[in-house]
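Comments concern the structure below.
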Amino acid sequence: MRPEAQRLHLYNSLTKEKETFTPLNEGFVGMYVCGPTVYNNVHLGNCRTFLSFDLVYRYLQHLGYKVRYVRNITDAGHLENDADSGEDRIAKKARLESLEPMEVVQRYTVDFHQVMAQFNALPPSIEPTATGHIIEQIAIIEQILESGYAYITNGSVYFDVVRFNEDQSYGKLSGRKLEDMIANTRELAAQSEKKNPQDFALWKKAEPRHIMRWPSPWSDGFPGWHLECTAMSTKYLGEQFDIHGGGMDLKFPHHECEIAQAEACNKTSPVRFWMHANMLTLNGKKMAKSTGNHILPGALFSGDNDKMSKAINPTVAKFFMYQAHYRSILDFSNDALMASEKGFYRLMDAVALMDQLPASPKGTSSEIDVTAWRQSCYDAMNDDFNSPILIAQLFEGAKFINTIADGSTQVNQEDLALLCQTMKAFLFDVLGLTPPQEGRQDHDHLKSAMDLLIDLRKSARANKDFATSDAIRDRLQEAGIQLKDGKDGTSFSLKNPNS
Ligand code: AMP
Ligand code: ZN
């Protein structure tokens with residue numbers, strides 16, 4: 001473990017405070033994140049939430065933790081309305097497009113994976129599906145019924161929120177009080193199978209036309225949406241685990257119900273740290289599939305959309321998202337993205353200089369405090385994964401690199417190595433950025449052309465044609481390319497354009 005791991009603080013949505021992070025089992029972290037409902041293509045808002053947790057996953061691993069990261073696929077049980085009404089989202093899509101529900105699931109799971117790979121997000125350690133855990137969900141319902149916090153009506157099973165709230169408290173995550181919820185509800189209990197409108201489905205009896213159905217002790221039916229996450233998190237991470245994440249909009253009712261279900265079974269709070277990522281907006285409004293106010297990642301990357309002035313590289317889009325803290329709302333706009341793009345390439349230009357920086361001899365003193373700078377990178381991430389502050393520090397690192405390259409700052413070999421290694425670790429391992437492909441290709445082309453010129457100059461010199469060899473060197477110099485003759489041959493470096 002890195003010593004910096006001792007100083008990680010994260011904001012716990014349950015206590016509404018920043019707390020020191022200590023895992024249940026030393027050296028190991030169990031993290032569960034609610035995954036997508038695969039009835040449609042993921043939009044950039046969904047991606048922001050998953051990328052926020054990719055950063056958490058990567059940084060925990062960077063600190064030296066062994067992380068078991070479970071992110072589910074919701075492939076059944078999520079109804080159109082987040083309460084318990086409407087059609088199953090996947091079944092509806094299947095009906096509208098004359099597909100098998102599992103065809104819908106397959107298509108959009110593949111799309112999700114492709115998009116995540118384009119963003120260079122790491123796959124989770126386990127990616128379980130709701131339909132693969134029906135047996136576990138039924139077992140949990142039996143346990144909840146046994147403890148008296150659920151009841152059966154017409155083959156469906158509902159969680160009895162009022163009964164639960166008599167013994168334990170319902171609403172602690174969202175800060176809602178059950179009495180207020182009851183007072184504010186207009187739904188008439190008499191028209192429903194539920195004793196109380198706040199109760200939620202654990203199992204729903206399927207109507208005859210409902211195609212996604214499984215046998216159970218109560219009816220042929222399907223599990224309620226909240227249940228899958230309790231079943232899968234408990235199965236893979238235990239009755240209590242370290243971190244549970246999701247988008248802010250899942251806090252209520254989804255996560256509140258997860259807490260109630262787990263506490264009804266095990267009497268202990270299931271999650272030690274709840275983390276919620278804030279929303280991505282477009283023109284000031286939440287990005288959502290249902291309202292049409294969204295951009296799909298594919299349309300952003302290809303430029304085929306009416307919101308951006310050109311195609312955007314996935315890494316640039318990810319960099320843009322990380323320039324905001326995960327708990328802040330972020331608005332997606334053309335101008336903000338263009339500014340991020342410039343900044344990203346500025347960082348990448350500095351990275352390209354890293355392998356050719358001159359160092360003063362070992363042991364001589366440096367003109368910049370690289371150790372203090374490195375510490376501020378860790379301080380940023382240890383302060384609730386503050387990526388915008390980290391990125392500001394990386395720009396500072398790029399400034400160091402540029403001034404070392406143009407000779408205006410001296411650093412010794414140890415500090416230079418630390419500077420380059422820290423820049424690479426945070427840019428590529430922690431933020432998971434990738435240098436853009438075109439840049440790489442440009443660099444490869446430049447290298448081939450330079451190898452040719454260096455060879456031509458060498459043979460001119462061998463033929464004592466100094467006029468040609470000097471002309472090559474001088475013309476390159478004018479173009480901002482410096483040749484350096486050393487004992488291992490000739491190398492070249494690019495002059496910093498800002499100098
Ligand atoms: P869903 O597929 O609707 O279950 O959502 C998958 C994840 O995306 C959940 O964690 C949501 O909270 C999150 N999400 C949905 N819309 C947005 C948005 N506009 N910005 C950020 N996250 C979102
Ligand atoms: Zn969930």
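The values are calculated or read from the model by the stated rules, or taken from the named source; none is laboratory data. None of these values were measured; they are calculated from a predicted model. Here Cβ is always computed from backbone atoms with ideal geometry, including for glycine, and neighbour counts include all displayed protein chains.
Before moving on, here are some points about what is shown:
This table checks each residue for (1) in contact with a strand residue (DSSP E or B) (Cβ under 6 Å, 6 or more places away or on another chain); (2) among the small types (Gly, Ala, Ser); (3) not in a loop (DSSP other than H, G, I, E, B); (4) not assigned by TED's automatic domain parsing to the domain that holds LEU10.
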position: LYS194; (1), (2), (3), (4): yes, no, no, no
position: PRO197; (1), (2), (3), (4): no, no, no, no
position: HIS210; (1), (2), (3), (4): no, no, no, no
position: PRO217; (1), (2), (3), (4): no, no, no, no
position: ALA231; (1), (2), (3), (4): no, yes, yes, no
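- Taking (1) modelled with pLDDT of 95 or more; (2) closer than 22 Å to PHE112 by Cβ; (3) not in a loop (DSSP other than H, G, I, E, B) in turn, TYR326 satisfies each apart from (3).
- Selection within segment 117-128 - crowded, with 18+ Cβ neighbours inside 10 Å and in contact with an Asp or Glu (Cβ under 8 Å, 6 or more places away or on another chain): PHE119, ALA121
- Taken over segment 13-53, the residue count meeting the criterion of being within 16 Å of ligand 2 (Cβ to nearest atom) and either of a type in the set (Gly, Ala, Ser) or in contact with a strand residue (DSSP E or B) (Cβ under 9 Å, 6 or more places away or on another chain) (or both) is 17.
- Candidates PHE320, PHE344: the one that is in contact with a helix residue (DSSP H, G or I) (Cβ under 9 Å, 6 or more places away or on another chain), within 25 Å of ASN40 (Cβ to Cβ) and not in a loop (DSSP other than H, G, I, E, B) is PHE320.
- Some residue of segment 254-276 being within 21 Å of HIS113 (Cα to Cα) and modelled with pLDDT of 90 or more: no
- Residues that are under 30 Å from THR315 (Cα atoms) and more than 15 Å from the chain's Cα centre (by Cα) within segment 69-96 comprise ILE73, THR74, ASP75, listed in sequence order.
- Residue ranges of helices (runs of 4 or more DSSP H) in segment 374-488 with at least 3 members under 30 Å from the mean Cα position of the chain (by Cα) and not assigned by TED's automatic domain parsing to the domain that holds LYS18: 387-405, 413-424, 437-462
- Number of the exception - PHE241 against (1) more than 11 Å from ligand 2 (Cβ to nearest atom); (2) under 22 Å from the mean Cα position of the chain (by Cα); (3) surrounded by fewer than 22 Cβ atoms within 10 Å (Cβ to Cβ): (3)
- Complete set of residues in segment 369-383 that are within 18 Å of LEU63 (Cβ to Cβ) and buried (at least 19 other Cβ atoms within 10 Å of the Cβ): ARG374, CYS377, TYR378, ALA380, MET381, ASN382
- Of everything listed in (1) within 16 Å of ligand 1 (Cβ to nearest atom); (2) farther than 25 Å from ARG176 by Cα, the single unmet condition for GLY27 is (1).
- Elements of type strands (runs of 3 or more DSSP E) in segment 61-169, at least 2 residues being closer than 30 Å to ILE182 by Cα and modelled with pLDDT of 95 or more: 150-153, 156-159
- Any hit, segment 226-238, residues being farther than 29 Å from GLU103 by Cα and modelled with pLDDT of 90 or more: yes
- SER290 vs. criteria of a type in the set (Ser, Thr, Tyr), more than 21 Å from the chain's Cα centre (by Cα) and assigned by TED's automatic domain parsing to the domain that holds HIS43: no
- When ALA299, ALA288 are checked against the criterion of being modelled with pLDDT under 95, within 16 Å of ligand 1 (Cβ to nearest atom), buried (at least 16 other Cβ atoms within 10 Å of the Cβ) and not in a helix (DSSP H, G or I), a single residue qualifies: ALA288.
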